[in-house]
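So that we are looking at the same thing, I have put the structure below in structure tokens.
The values are calculated or read from the model by the stated rules, or taken from the named source; none is laboratory data. This is a predicted model, so every value here is computed, not measured. For neighbour counting, all protein chains shown are included, and Cβ atoms are generated from backbone atoms with ideal geometry for every residue, glycine included. In case anyone asks, the SASA skips ligands and DNA or RNA and just uses the protein heavy atoms, side chains included. Shrake-Rupley method; radii C 1.70, N 1.55, O 1.52, S 1.80 Å.
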Amino acid sequence: MENNSLHLAGLAAKFVNQTDRHVFLTGKAGTGKTTFLKNIVEQTHKKAIVVAPTGIAAINAGGVTIHSFFQLPFGNFVPASLGASTPLYFKVNDAQSIIKNLQMRDNKRKLIREMELLIIDEVSMLRADLLDAMDAVLRYIRRNSYQPFGGVQLLFIGDLLQLPPVVKDNEWELLRKYYHSMNFFDARALSQHKPLYIELDKIYRQDDAVFINLLNNLRNNTVSREDEALLNNYYNPHFKAAPTDNYITLTTHNKKAAEQNDNTLFNLKGKSHTFEAIIKDDFNEFMYPVEKDLVLKIGAQVMFIKNDPTGEHLFYNGKLGVVKDFDNDGIRVKLADSENIIPVERYEWQNVRYILNELTNEIEEEVIGSFTQYPVKLAWAITVHKSQGLTFEKAIIDIGEAFAPGQVYVALSRLRSLQGLVLTSRVNFRSLHVDEKVAAYSKTKDQQGNLQAIADAEALVYSQKYIMQCFNCENLYRSARYHADSYEKEEAKSQKQKYQLWAQDLYAKIGVLQPVSEKFRQQLSTILRQNTEDSNQLLKNRVTAGRDYFMPLLQDISNYIFDHIQIVSSSKRVKTYLNELYDFELMVYEQCKRMFKAAIFADALLYNKIVTKAELLKIPLDQNRLNRLNELIIGNTKPSAENALPKERSKKERKKKAVTDKSESAEIKPKSREESYQLYLKGNDIEEIARLRKMSPTTIEGHIAYYVFTGDIDILRFISEEKLSNILEVARVVETENLSPIKERLGSEYSYKDIRFAMAYKKAKD
């Protein structure tokens, strides 16, 4: 079964990477959906965005919320025109009202037009009307009203047996006129383009055959009397766990869980210690992954909510432990079912937004805020909702008041085996039954046919179509014509008008490419129709030859534009015109990249490989183009992002912000930073400064790291030359300045403080 699950994961990856089909990837709890998401983001060659229905889900998935990315209003959406006369008592939008109120900057619109793959995590909570609202925005922004989602491929990830979408009764009275259910698969946008249903079936959390069978019956709406009797065997309403037993209580309501945690902590002897989270910039309180003010005592039962970032696997998401001590480095925790006592360091969660790199046209993540706190929470009790994704050895489950069909399944599936189960309330067997719409939808996976055969056939068609499109210069030609025509508009005293002849020459240069590219595409079409092993080798040879023919011509056009930018930049009132020129040069650059990608796809066809992001990294950089860009940026010729996009950070500002981000300081205010520096000059170490200023040591480290960056403090006061050299080498190899990946490579011998100061030093040298 494990091999089959791996096969299904590989099959899903092939559909995502090598076709344009929508995919719904699902599976029981613990089958590896999160791992699949991470791998796709790291490996896909497509320009991808990750979104989720809630803030916490988005943070956990490493993406953004659906509402923030698409700038959607909260409320309901109907896939029809409401009209002004419809009386309603709650918020409702239609496509017209959403688009009318859409205020999206040019950079965001360009990003959405460049997006090729949209990944939606935790789709059990995704409402059908919200998905249709996303469809409306994508069709409008991408100027493609004929294809669902404006031609973007969607990857849905989640388990429909988890928590369902929330809709109030009065809202459903309206929405039922348009939808069969509020589940995502009933969205209008998917009516003609149903996603492929791929279910991972290897459970990595449980290996208890009886328990697995019970969970399967829960999923399939086939709970028998034997299953009910089995569960009742674990009913023990008077069970009291000893403090050393490491049980956690799963309950249905936040209030119950909070009361149990607060009361148990209060009754513990000893002094309370409060640890305040370090929150920087934009990190909404609804996205906090753990309490802002973490209150603990020695003896408190806690649960880790992240995997061990060091790579030593000392703890994992859901691992229980008991607080044993507090010291200058933070918290020391004794792990459950072990004699190990480990120090716990603060962890940084990042809030990101997606931006389009104005020089490379690639989608990138930009950190806009962070939340730094110890990755633990009180764990005598937790709600079923917040337990999603966690794994427990022992749990006391109180689900007699389960109010949603999926809650009983979610609660039980958190356990590794039935041996760790205690039920303090009888199971409401009426709540065991799965939503009938979900059960019916799950049966469609058996009607899809042979997925492997479908994948092979569609991957071939997709690759051939992709290669053909890579040599299509029609869009570049039409854009050149539009650009040349724009000089003839009546613009009083416009500097642009002086360069009309240059624009016509540019149009002529690109015009030479157009008929040649069409003739070449006809040759490719003839080869593709043969579809033999020999034709694949011929295809690769022709694509490589075509790329080598067109590349010097495109590079010549790029240089022609750069030369013109150099001339124009000496004039005044030309910012808008310069932005037009840079955008056009970027189109030429994209055409070059596509031709290189065509060669990669031809190679993949020949050797039956999947194209990955690693393959794209093999595309050689146009060093001449980079040199020209650097010259223009240094000479302040290129309009900054601040000028081109109001209220967006310029590259210089983003670089400055990155320095402070990587130093992990709290609000880095010059006055506060200077106070820490003066105390340091008086001979106080970081821990002493933290005590004197009543701040966390991590905050003070950020302050002092700034002066390592400026060169006022010698880095060797904090770490040895050998450690510094090793950290810098690892940072170079993993190609990141984020602390966690570097520490994962280096291990426990290196602290986050070591790496933090080394990165500040590196930034100064860069």
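If you check V408 against the conditions, is it open to solvent by 30 Å² or more (accessible area, probe 1.4 Å) and either closer than 30 Å to R594 by Cα or at pLDDT below 80 (or both)?
no
Okay, next question. Can you tell me how many residues within the range 467-482 are surrounded by fewer than 20 Cβ atoms within 10 Å (Cβ to Cβ) and either under 30 Å from the mean Cα position of the chain (by Cα) or acidic (D, E) (or both)?
Residues meeting the conditions: 2.
Moving on to the next point. Can you find even one residue in the range 189-203 that is farther than 23 Å from E393 by Cβ, without any contact (Cβ under 8 Å) to a residue 60 or more places away in the chain and open to solvent by 70 Å² or more (accessible area, probe 1.4 Å)?
Among the residues of the range 189-203, at least one is farther than 23 Å from E393 by Cβ, without any contact (Cβ under 8 Å) to a residue 60 or more places away in the chain and open to solvent by 70 Å² or more (accessible area, probe 1.4 Å), which makes the answer yes.
Could I ask something else about it? Does R142 count as open to solvent by 10 Å² or more (accessible area, probe 1.4 Å), touching a helix residue (DSSP H, G or I) at 6+ places or on another chain (Cβ under 8 Å) and at pLDDT below 95?
In short, yes.
OK, next. Restricting to the range 553-596, give me the number of residues that are surrounded by fewer than 15 Cβ atoms within 10 Å (Cβ to Cβ), in a loop (DSSP other than H, G, I, E, B) and hydroxyl-bearing (S, T, Y).
Residues that pass the stated criteria total 2.
For the range 42-49, does any single residue satisfy the condition of being farther than 20 Å from P195 by Cα, of a type outside the set (K, R) and buried (at least 16 other Cβ atoms within 10 Å of the Cβ)?
Yes, because at least one residue in the range 42-49 is farther than 20 Å from P195 by Cα, of a type outside the set (K, R) and buried (at least 16 other Cβ atoms within 10 Å of the Cβ).
Now for a different question. Looking at T710, T698, which one is of a type in the set (V, I, T) and open to solvent by 40 Å² or more (accessible area, probe 1.4 Å)?
Exactly one of T710, T698 is of a type in the set (V, I, T) and open to solvent by 40 Å² or more (accessible area, probe 1.4 Å), namely T710.
Which count do you get for residues in the range 152-170 that are surrounded by fewer than 20 Cβ atoms within 10 Å (Cβ to Cβ) and either assigned to a helix (DSSP H, G or I) or in contact with a helix residue (DSSP H, G or I) (Cβ under 7 Å, 6 or more places away or on another chain) (or both)?
Count: 5.
Still on this model: Would you mind finding the one in P639, P620 that is farther than 18 Å from I363 by Cα and at pLDDT 70 or above?
On the way: P639 fails: at pLDDT 70 or above.
Only one candidate qualifies: P620.
In the range 48-62, what residues are at pLDDT below 85 and touching a Leu at 6+ places or on another chain (Cβ under 8 Å)?
None; the set is empty.
Please count how many residues of the range 212-245 are in a helix (DSSP H, G or I) and basic (K, R). Walk me through how you get there before you give the answer.
Our first condition is that a residue be in a helix (DSSP H, G or I); within the range 212-245, this holds for 212-219, 225-232.
Add one more test, that the residue is basic (K, R), and what stays is 219, 225.
Number of matching residues: 2.
Taking the options I298, I331, name whichever one is open to solvent by 30 Å² or more (accessible area, probe 1.4 Å) and not hydroxyl-bearing (S, T, Y). Give the derivation first.
Details: I331 fails: open to solvent by 30 Å² or more (accessible area, probe 1.4 Å).
When all the criteria are applied, what remains is I298.
Restricting to strands (runs of 3 or more DSSP E) lying wholly in the range 354-393: which have 2 or more residues that are among the acidic types (D, E)? First the steps, then the outcome.
Values: elements: 363-373, 376-378, 381-383.
Where strands (runs of 3 or more DSSP E) fall fully within the range 354-393 and carry at least 2 residues being among the acidic types (D, E), they are 363-373.
A follow-up question, please. Among (1) loosely packed, with under 14 Cβ neighbours inside 10 Å; (2) modelled with pLDDT of 90 or more; (3) not aliphatic (A, V, I, L, M), where does K443 come up short?
(2)
Give H313, H253 a once-over and let me know the one that is open to solvent by 60 Å² or more (accessible area, probe 1.4 Å) and at positive phi. Break it down into steps so the answer makes sense when it comes.
Details: H253 fails: at positive phi.
On inspection, the qualifying residue turns out to be H313.
For the subset of the range 246-256 comprising residues that are touching a Lys or Arg at 6+ places or on another chain (Cβ under 8 Å) and outside any loop (DSSP other than H, G, I, E, B), which member is nearest to K386 (Cα to Cα)?
L250
Quick check: anything in the range 260-270 in a strand (DSSP E or B) and more than 22 Å from the chain's Cα centre (by Cα)?
Scanning the range 260-270 turns up no residue that is in a strand (DSSP E or B) and more than 22 Å from the chain's Cα centre (by Cα).
Follow-up question, since we're still on this one. Condition first: assigned to a loop (DSSP other than H, G, I, E, B), modelled with pLDDT of 85 or more and closer than 26 Å to A455 by Cβ. Can you find one or more residues in the range 171-191 that meet it?
There is at least one residue in the range 171-191 that is assigned to a loop (DSSP other than H, G, I, E, B), modelled with pLDDT of 85 or more and closer than 26 Å to A455 by Cβ.
Conditions tested, residue by residue: (1) within 22 Å of Q192 (Cβ to Cβ); (2) open to solvent by 40 Å² or more (accessible area, probe 1.4 Å).
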| site | (1), (2) |
| --- | --- |
| F70 | yes, no |
| F74 | no, yes |
| D106 | no, yes |
| D129 | yes, no |
| Q147 | yes, yes |
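In addition: Any residue in the range 331-348 that is touching a residue at least 60 places away in the same chain (Cβ under 8 Å) and part of a strand (DSSP E or B) sitting within a Cβ distance under 6 Å of a residue that is open to solvent by less than 40 Å² (accessible area, probe 1.4 Å) and small (G, A, S)? List the pairs, counting only those 6 or more apart or interchain.
E348/S370
Tell me, which strands (runs of 3 or more DSSP E) lie completely within the range 14-130 with 2 or more residues that are under 14 Å from Y354 (Cβ atoms)? Working first, answer last.
Working: elements: 23-27, 48-52, 117-120.
Per the criteria, 48-52, 117-120.
Give me the pairs: first residue in the range 214-241 and in contact (Cβ under 8 Å) with a residue 60 or more places away in the chain, second residue not in a loop (DSSP other than H, G, I, E, B) and not hydrophobic (A, V, I, L, M, F, W, C), beta-carbon distance under 6 Å, and six or more apart or on different chains, which are they?
Note: pairs meeting the criteria are L214/D227; L218/Y409; V223/N217.
Taking the residues in the range 433-476 that are basic (K, R) and free of Cβ contacts under 8 Å to residues at least 40 places away in the same chain as candidates, determine which candidate is nearest to T612 (Cα to Cα).
By that ranking, first place goes to K465.
Which residues, taken from the range 19-36, are modelled with pLDDT of 80 or more and open to solvent by less than 10 Å² (accessible area, probe 1.4 Å)?
Within the range 19-36, T19, V23, F24, L25, T26, G27 qualify.
Kindly indicate whether E276 is within 30 Å of P697 (Cα to Cα), surrounded by 13 or more Cβ atoms within 10 Å (Cβ to Cβ) and not polar (S, T, N, Q).
Spelling it out, E276 is indeed within 30 Å of P697 (Cα to Cα), surrounded by 13 or more Cβ atoms within 10 Å (Cβ to Cβ) and not polar (S, T, N, Q).
Under 9 Å between Cβ atoms, which residue pairs at least 6 apart in sequence (or on different chains) link something in the range 286-305 that is in contact (Cβ under 8 Å) with a residue 24 or more places away in the chain and β-branched (V, I, T) with a partner that is in a loop (DSSP other than H, G, I, E, B) and open to solvent by 20 Å² or more (accessible area, probe 1.4 Å)?
If the second residue must be in a loop (DSSP other than H, G, I, E, B) and open to solvent by 20 Å² or more (accessible area, probe 1.4 Å), the pairs left are V290/I305; V295/S272; I298/L268; I298/K269; I298/G270; I298/K271; I305/P289; I305/N317.
To continue, here is another question. Residue pairs, Cβ under 6 Å, 6 or more apart or interchain, first in the range 354-369 and closer than 25 Å to F584 by Cβ and modelled with pLDDT under 85, second open to solvent by less than 30 Å² (accessible area, probe 1.4 Å) and of a type in the set (F, W, Y). List them.
I363/Y354
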